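The values are calculated or read from the model by the stated rules, or taken from the named source; none is laboratory data. In this text the structure is predicted, and so the values were computed from the model without any measurement. All Cβ positions, glycine included, derive from the backbone under ideal geometry; neighbour counts span all protein chains shown. Please note that ligands, DNA and RNA were not included when accessible areas were found on the heavy atoms of the full protein model with its side chains. Shrake-Rupley method; radii C 1.70, N 1.55, O 1.52, S 1.80 Å.
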Amino acid sequence: MGRGKPASSRNYLPQSGSDEYSVTEYDLDLRYRVATNRLDATATVRGRANTLLRSIRLDLVRLKAKRVKLAGDTAAKYSQTATHLVVRPSAPIEPGEDFTVEIAYDGSPAPRRTRWGTLGWEELEDGVLVASQPSGAPTWFPCNDRPADKARYRIRVTTEQAYTVLATGQLVDHTVTGGRGSWTFEQDEPTATYLVTVQLGRYTLEPRRSAGVDWVIAYPAPLARQVLHDLEPVGRMLGVFQELFGPYPFRSYAVVVTEDPLEIPLESQGMATFGPNQLDGHRTEERLVAHELAHQWFGNSVGLAGWHDIWLNEGFACYAEWLWAERSVGPTADALARQHHAGLRAAPQNLILGDPGADRMFDDRVYKRGACLLHDVRLTLGDDAFFTLLRAWTHRFAHRTATTADFRALAQSFTDASLDALFDRWLAQAALPPLPPAA
Ligand SMILES: [Zn+2]
């Protein structure tokens, strides 16, 4: 990844995805054996050409295409490299024209190694998780792997009957035949490839309804006590976050707790995944429970157009942690902002928040500086205007993508005083700006 990338490039993943076409829908039929880690699958990808399309380049890692069909074109050819599947129509596809590719593929899926660690389809001790941010999706399905290309999904997973399957979307069908269970999910809200997931394990399902939202906890039965205790605040978080950020953007929320410990929890569309180490029965990591839930508004519904704007995901989710503290057991967001600002002052000041670079996308300073920026905006606008701004943001860009420029313009509409200096200080300078005095 990143081979030959000029230092000034704002595309952090130039080898991933294509802007020559957009996908409208993925229909994935996955037949999988946990015992042997064997995947035998069919993906139907429906897309539209954005330009005169001489070839359709899909990201696909490790898995082998066995048969590729381009609807209406029996003479189409295809070829495959270690990271891509390229389909060549017999005649170019005109701009605006729709196409459908059906790909039968198989193999033993495994995570890909990247500068951000191993990503994608990953075997657990007794199950599977998928954690793709930012470039792991092609380890399990052929896709246009760029965050701006959101699509609808239908995912069918067939596996050993003993396992519970959760995947992106609403469960619309579950049948058991010959010792194998089939689970079908449909996700109508546009979804970025990196946020699509499959979680498979010997899970107990605990359905809940809080603040008008259906949500479910999936967990290994022996962990019931610690998991249910630590996730109990999610119900109140759903109430507080809807008040602060606007309506919950999806039809449901699922929290999956794996049996294996995880380095970090992660968000996916309508879902979050934790290890038992993050839910230890003492609510030690309650901030992370709030953080992953907040991503449903910031990152998942309002999505990134490009990875250089990652602070729009992580700065907002981090600030949501502080807001949750303020609205629950404390301390205030102001106290937390000042505490973390002191930490940032002691850290190296060599990060540009508005374009941190591929290596520093997930640097903790992106999270904390982004949250401090938002606190500065809150102190500058006042609480009423600031929270109206947050709700306007999640409403205007719901299920779309947005940029830093979009946020600046929207924030500016709440005051006559120019916010340019504030945003420039935080986004374009390496030196850490001061926080204004508390309101
Ligand atoms: Zn996050």
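For this structure, a couple of remarks:
- Beta bridges by DSSP in the chain, antiparallel share as percent, to the nearest 5: 80
- THR403, THR81, ranked by accessible area, largest first (probe 1.4 Å): THR81, THR403
- Using R0 = 41 Å, the C-beta based FRET efficiency linking GLU206 and THR118 works out to 0.85.
- Per-residue SASA entry for HIS174, accessible area with 1.4 Å probe, Å² rounded to 10: 90
- In the chain, the longest principal axis of the Cα atoms and the axis of helix 234-245 are about 70 degrees apart.
- Highest mobility in the GNM of the chain, judged by mean-square fluctuation with C-alpha springs under 10 Å and restricted to VAL234, VAL366, VAL257, is found for VAL234.
- Taking every C-alpha pair closer than 8 Å and separated by at least 6 residues, the mean separation divided by the residue count of the chain gives a relative contact order of 12 percent.
- Within the chain, the longest segment free of exposed loop sites, counting GluC sites (Glu not before Pro) that fall outside DSSP classes H, G, I, E and B and have at most 12 other Cβ atoms within 10 Å, spans 264-439.
- Karplus 3J(HN,Hα) series, Hz, for the range 253-267 with 6.51 cos²θ - 1.76 cosθ + 1.60 (x for Gly, Pro): 9, 10, 10, 9, 10, 7, 6, 6, x, 10, 4, 9, x, 8, 9
- For the chain, a Gaussian network of Cα nodes joined below 10 Å ranks PRO261, PRO134, PRO249 by mean-square fluctuation, and the top entry is PRO261.
- Overall shape: rounded for the range 304-427, with the ratio a/c of the largest to smallest alpha carbon gyration tensor axis below 1.5.
- Exposure check, 1.4 Å probe, all protein chains in place: TRP116 carries approximately 50 Å² of accessible surface.
- Estimated purely from DSSP H runs of n ≥ 4, each contributing -39500 (n - 2.57), the mean residue ellipticity at 222 nm for the chain is -8000 deg cm²/dmol once divided by its residues.
- With kT/(6 pi eta Rh) evaluated at 10 °C and eta = 1.306 mPa s, and Rh the Kirkwood radius from Cα pairs, the chain diffuses with a coefficient of 70 µm²/s according to Stokes-Einstein.
- In the full protein context, the chain carries 40 Å² of accessible surface per residue, based on a 1.4 Å probe and ignoring ligands, DNA and RNA.
- To put it simply, the accessible area of the chain at a 1.4 Å probe is 48 percent carbon and sulfur.
- Rounded if a/c under 1.5, otherwise prolate or oblate - the range 1-105, Cα gyration tensor axes: oblate
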